[in-house]
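Visitor: I'd like to ask some things about the structure below.
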Amino acid sequence: MITVERTGLEGLLVLRSRIFADGRGHFMESFNDSAFHQATGLHVRFIQDNESLSHKGVVRGLHYQMPPHGQAKLVRVVRGRVLDVCVDIRPDSPTYGRHFRLHLSEGDATMLYIPIGFAHGFSALEQDTLFHYKCSAYYQPAAERTLLWNDTDLAIDWEVRDPVVSDKDRAGVPLMATSWTER
């Protein structure tokens, strides 16, 4: 069983699965296509799973892929804790440029569904955080873009002091200099 919460940004959904716990530990169905469709009404074909391990203080993102290689994602934390951030980059969206933040932690059975048209990133709030995401399209390096993680127009509080950021993410471009559909 999955419960769904709307976020205020069209298509961006918080999903919660049921955890079955007893004296041995717990069990959770992390993904079931039929249950996902029934709860969300969406038919998404996930074709690639990714996993990242991050040290406390790492900021990854904000990443997206250009059409026709856009990726919908279903993300969750396997170990540790993150602050997950999604930015609406759909130019015709009434919430263009707005962002959504959500804490995801191991064992809380919370996932975030991120539709195509959002830049995505997270900050690791605990050491050795293991982050898992399902993608609806294959990784295409030529289509990948990076929105500047510390864009002053977005004013995202990543809840991290002295973040560790890759060279690629430091070279991201501000929202106002991006285009969802390259002209």
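The values are calculated or read from the model by the stated rules, or taken from the named source; none is laboratory data. From a predicted model like this one, the values you see are computed outputs, not experimental measurements. When we count neighbours, we look across all protein chains shown, and the Cβ atoms used for this are built from the backbone with ideal geometry, even at glycine.
Visitor: Hey, can you tell me all the residues within region 151-167 that are surrounded by 13 or more Cβ atoms within 10 Å (Cβ to Cβ) and of a type in the set (S, T, N, Q)?
Guide: Residue satisfying the conditions is S166 alone.
Visitor: Return the pairs, sorted by first residue and then second, in which the second residue is at pLDDT 90 or above and outside any strand (DSSP E or B), the first residue lies in region 21-40 and is under 18 Å from R76 (Cβ atoms) and hydroxyl-bearing (S, T, Y), the beta carbons are less than 9 Å apart, and the residues are 6+ apart or on different chains.
Guide: Correct list of pairs: S30/A109.
Visitor: Hey, another quick one. Filter region 120-147 for residues that are in contact with a His (Cβ under 8 Å, 6 or more places away or on another chain) and among the aliphatic types (A, V, I, L, M); which is surrounded by the most Cβ atoms within 10 Å (Cβ to Cβ)?
Guide: A124
Visitor: On to the next question. Out of (1) modelled with pLDDT under 95; (2) surrounded by 16 or more Cβ atoms within 10 Å (Cβ to Cβ), the odd one out for G117 is which?
Guide: Against the list (1) modelled with pLDDT under 95; (2) surrounded by 16 or more Cβ atoms within 10 Å (Cβ to Cβ), G117 comes up short only on (1).
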